[in-house]
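*Asks:* Next up is a structure, given as structure tokens.
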Amino acid sequence: MSGKNQKILELQDIRRDFVMGSEIVRALRGISFEVMSGEFMTIMGSSGSGKTTLLNILGCLDKPTSGNYLLDGINIGSMSRTELAHIRNNKIGFVFQTYNLLPRTSALENVELPLLYNRSVTSRERRERALHVLDAVGLSDRITHTPNQLSGGQQQRVAIARAMINQPVMILADEATGNLDSRTSYSIMELFQELNQNEKKTIVFVTHEPDIASFSNRTIVLRDGKLMKDSLNESRRLAREVIAALPKTEDF
């Protein structure tokens, strides 16, 4: 369904309230924005800004109290729990701060996992697709390695490959560089820039770090549950150039 100039996400006056005892906490207070196919957007905000709540709604892990959320043209608000699980599995590729890889399982098997219960995909096709995405993230020589045989950056690349295998309409990354040193963080951002540029992947990246946000094309800033700023990054940095400029002897 998604294509060029297609709206991948559309949020219309999204509100999310939580009842805490006798109080109502208004976590999101009327958020509206759109994300087009092929955009690379970051969502920023300090703790308590509402970005985790927004992330859960974008990832179909939660529903808004009011307002409409359309993902690839589908209104999420009217969906059952089973339908939401189907949307999550087929439309969204998740990348987390903690990688969430199975420890005693090879990189290849970790990446194949989302397709394991998809009966329409043969085991041969599953393997071919896993090999393709591992190659795309630069890990074709590490397919038999288990997570403890991989560096943090390599583990995150496996997680990104796993997020891509279902050919989702959007990759949703939550603080995906949060556990990595600076140089490795920049190499992961270089990978996201390549996926966005070469594979035309739509990426929504949640971060609290301004230098990480500067690698995206557009940044949204939340504060106290409201959208405070939505701006294009005119001076977007290229991660490849930032890495090249790092001192070779510096120990990160």
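Nothing in this text is a laboratory measurement; each read-out follows from the coordinates by a stated rule. Keep in mind it's a predicted model, so treat the numbers as computed, not measured.
*Asks:* Rounded, prolate or oblate for region 124-203? Axes are the square roots of the Cα gyration tensor eigenvalues, ordered a ≥ b ≥ c, and the cut-off for rounded is a/c under 1.5.
*Replies:* oblate
*Asks:* If you build a Gaussian network model of the chain, linking Cα atoms that sit under 10 Å apart, which residue out of L84, L102, L11 swings the most?
*Replies:* L102
*Asks:* Straight-line reach from K51: which lysines have a Cα under 22 Å away, not including same-chain ones fewer than 8 places off?
*Replies:* K7, K63, K91, K201, K226, K229
*Asks:* Karplus couplings for region 223-231 from phi (6.51 cos²θ - 1.76 cosθ + 1.60, θ = phi - 60°), rounded to Hz, Gly and Pro as x?
*Replies:* Rounded to whole hertz, the list is 8, 6, x, 10, 7, 8, 8, 9, 9.
*Asks:* Next question, about the same structure. Which percent, nearest 5, of DSSP beta bridges in the chain are antiparallel?
*Replies:* 60 percent
*Asks:* With θ set to phi - 60° and the Karplus curve 6.51 cos²θ - 1.76 cosθ + 1.60, what are the ³J(HN,Hα) couplings of region 93-98 in order, to the nearest whole Hz, using x for Gly and Pro?
*Replies:* So the Karplus estimates, Gly and Pro as x, are x, 8, 10, 10, 5, 9 Hz.
*Asks:* To one decimal place, what Kirkwood hydrodynamic radius in Å is obtained for the chain from all pairs of distinct Cα atoms?
*Replies:* 18.9 Å
*Asks:* With bins 10 Å wide starting at 0, give me the P(r) of region 141-252 over every alpha carbon pair, in whole percents.
*Replies:* With a bin width of 10 Å, the distribution comes to 12, 42, 34, 10, 1.
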